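Trainee: This is the structure, below, for whatever I ask next.
FYI, it's all coordinate maths here, none of it is from the lab. The shown structure was predicted, so the numbers you read here are calculated from the model rather than taken from an experiment. Note: ideal-geometry Cβ built from the backbone for every residue, glycine included; neighbour counts use all protein chains shown.
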């Protein structure tokens, strides 16, 4: 249905996507653009930004799920927020078509500058059964689903007799040995072992954890020595780490693994919980926007964060950054000469982009190139356990865990959300880990609908009962 809502008629900076880049660009621009007579408009299908480094801790119950997201409307008071999706862009006419999430309402939004900040989505492969059996870890909803699936399977397995069905219920598998997979697997293992300790029908050894990684090492962001230490640490906790191993099939929850060096079959087993964290890719929605893309589907950009044309020339009024953009890494690092897709780059690029837009459009300051030395990497491996490389200093154990929490606590957008996250950590330290499962998230209205559905009575209706009684009275005595 074509419809034009009440939108501002001021010159617009249209921000497509409300993740790291979109949120920070809007935060940094909203007051300054308004002061120059313009307006910032942010469009995203979700009403919040998700701080993805906290998803493993949300899945493990260390952080309350709402505290790992930042509300657009709560924190972008002077931004025009539209919960919907940009379906197409006509940059020649500086117009975007915006649709409601269900596609029933669409309207045109004119702009003067557009920021493509659509982020990344989970990268998958055509593995049989993966779409039906797998769980991702890119959204807050997936983190909640993972947590409840693990806790529900532990509870269900505790009342099953020993055998294949129980083994399947208590087997938890993660495919992908990057930061997301390692953090998720170790956080979940920490939580699951704790839940098992609180269940007298289970032993910690009843639970099985398996990490599958196709490469010969994990976590390329840390040194090889640190990666080897992490593998050793995980195995000491009873987590099976299968390197040079790939998932060939997951049909019906039966996992068939293969050895990558010679492509021969490896082991096979069954599971009810298959977590997939094997990488990300640029959001494919950008293919509908008409801007030049590289061979990985990312929007082409220069170091000033302008979108560039096929000849490498900046396109006026078009900007991009973050996971969806191919931004040159002027430090000489990165992958293939481009910045790697992580939160550290996305946040810093967003802040520079806001300055560059002000400089180019209103002459406030000067346009600069993005150049940022990677400060390092930090990873949490469960409570009081971690690994880190910060400014060349290698850490592991409790110190690395503190560095992980310190960095991400500081990096969490907005002071209000920082306080909530730190409060969660303090409460858990004082009161202990909460392993309560929230049931029926997939069918939240089941209890009400069961109660509201009329029950079919097995008792005869009054008229039928009266007829039966009369028939009994008239029946011959010898038939009674």
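Trainee: Nearest 10 degrees is fine. How inclined is helix 179-197 to the longest principal axis of the chain, computing both from alpha carbons?
Mentor: 30 degrees
Trainee: Kindly give the semi-axes, whole Å and largest first, of the ellipsoid equivalent to segment 247-307, taking each as the square root of 5 times a Cα gyration tensor eigenvalue.
Mentor: 38, 14, 10
Trainee: With each label point set 7 Å from Cα along the Cα-Cβ vector, what nm distance links residue 90 and residue 410?
Mentor: That separation, rounded to one decimal, is 4.8 nm.
Trainee: To the nearest 500 deg cm²/dmol, what mean residue ellipticity at 222 nm is calculated for the chain from DSSP H runs of n ≥ 4 alone, each contributing -39,500 (n - 2.57), summed and divided by the residues?
Mentor: -10000 deg cm²/dmol
Trainee: In degrees from 0 to 90, rounded to the nearest 10, what is the angle of the helix 20-35 Cα long axis to the longest principal axis of the chain?
Mentor: 50 degrees
Trainee: Using every Cα-Cα pair within segment 1-121, state what percent have a distance larger than 22 Å. Kindly include the intermediate steps, with their values, before the conclusion.
Mentor: On the way: 2581 of 7260 pairs.
The proportion of pairs with Cα distances above 22 Å equals 36 percent.
Trainee: Go through 443-451, 109-117, 174-182 and give me the packing order, highest mean Cβ count within 10 Å leading.
Mentor: For the peptides 443-451, 109-117, 174-182, the packing ranking is 174-182, 109-117, 443-451.
Trainee: Mind giving me the FRET efficiency for residue 236 and residue 287? R0 is 35 Å, r the Cβ-Cβ distance, nearest 0.05 is fine.
Mentor: Rounded to the nearest 0.05, the efficiency is 0.15.
Trainee: Describe numerically, in nm with one decimal, the distance between label points set 7 Å from Cα along Cα→Cβ at residue 199 and at residue 438.
Mentor: Here the modelled spin labels are 2.0 nm apart.
Trainee: Still on this structure: If the chain between residue 31 and residue 422 were fully stretched, how many nm would it gain, using 0.36 nm times the residue separation less the Cα-Cα distance?
Mentor: So the chain would gain 137.9 nm between residue 31 and residue 422.
Trainee: In addition: Would you kindly state how much longer the chain becomes between residue 152 and residue 10 on full extension, computed as 0.36 nm times their sequence separation minus their alpha carbon distance, in nm to one decimal?
Mentor: Value of the extension gain: 45.9 nm.
Trainee: Subtracting the Cα-Cα distance from 0.36 nm times the residue separation, let me have the gained length for residue 361 to residue 429 in nm, one decimal.
Mentor: On the way: separation 68, 0.36 × 68 = 24.48 nm, distance 4.90 nm.
Going from the current span to full extension adds 19.6 nm.
Trainee: Taking the Cβ-Cβ separation of residue 101 and residue 399 as r and a Förster radius of 30 Å, what is the calculated FRET efficiency to the nearest 0.05?
Mentor: It comes to 0.10.
Trainee: Then there's this: Classify segment 160-212 from the C-alpha gyration tensor, please: rounded if a/c falls under 1.5, else prolate or oblate depending on whether a/b exceeds b/c. Please list the in-between numbers first.
Mentor: Numbers: a/c = 3.97, a/b = 1.61, b/c = 2.47.
Here segment 160-212 falls in the oblate category.
Trainee: Another question, if that's okay. With viscosity set to 1.306 mPa s and temperature to 10 °C, compute the Stokes-Einstein D of segment 277-373, Rh being the Kirkwood radius across alpha carbon pairs; µm²/s, no decimals.
Mentor: Roughly 116 µm²/s, to the nearest whole number.
Trainee: Oh, and also: Classify segment 382-434 from the C-alpha gyration tensor, please: rounded if a/c falls under 1.5, else prolate or oblate depending on whether a/b exceeds b/c.
Mentor: oblate
Trainee: Next question. Compute log10 of I(q)/I(0) for the chain with the Debye formula, placing one identical point scatterer on every Cα and leaving out solvent, at q = 0.12 Å⁻¹, to two decimals.
Mentor: Log-scaled intensity ratios, in q order: -1.12.
Trainee: Moving on. Could you work out the Kirkwood radius for segment 78-157, taking every pair of different alpha carbons, averaging 1/r and inverting it, reported in Å?
Mentor: That comes to 16.4 Å for segment 78-157.
Trainee: A follow-up question, please. What FRET efficiency, computed as 1/(1 + (r/R0)^6) with R0 = 56 Å and r the Cβ-Cβ distance, is obtained for residue 83 and residue 224, rounded to the nearest 0.05?
Mentor: Between residue 83 and residue 224 the formula returns 0.80.
Trainee: How do the peptides 393-405, 29-41 rank, highest first, by the average count of neighbouring beta carbon atoms within 10 Å per residue?
Mentor: Values: 393-405: 17.5, 29-41: 19.2.
Ranking the peptides 393-405, 29-41 by packing returns 29-41, 393-405.
Trainee: Express as a percent, rounded to the nearest 5, the fraction of DSSP beta bridges in the chain (both residues included) that run antiparallel.
Mentor: 55 percent
Trainee: Rounded, prolate or oblate: which fits segment 79-122, taking a ≥ b ≥ c as square roots of the Cα gyration tensor eigenvalues, rounded meaning a/c under 1.5, else prolate when a/b beats b/c?
Mentor: Details: a/c = 1.58, a/b = 1.14, b/c = 1.38.
It is oblate, given that a/c is not under 1.5 and a/b is not larger than b/c.
Trainee: Kindly express, to the nearest 10 degrees and within the range 0 to 90, the angle between helix 343-362's C-alpha long axis and the longest C-alpha principal axis of the chain.
Mentor: 50 degrees
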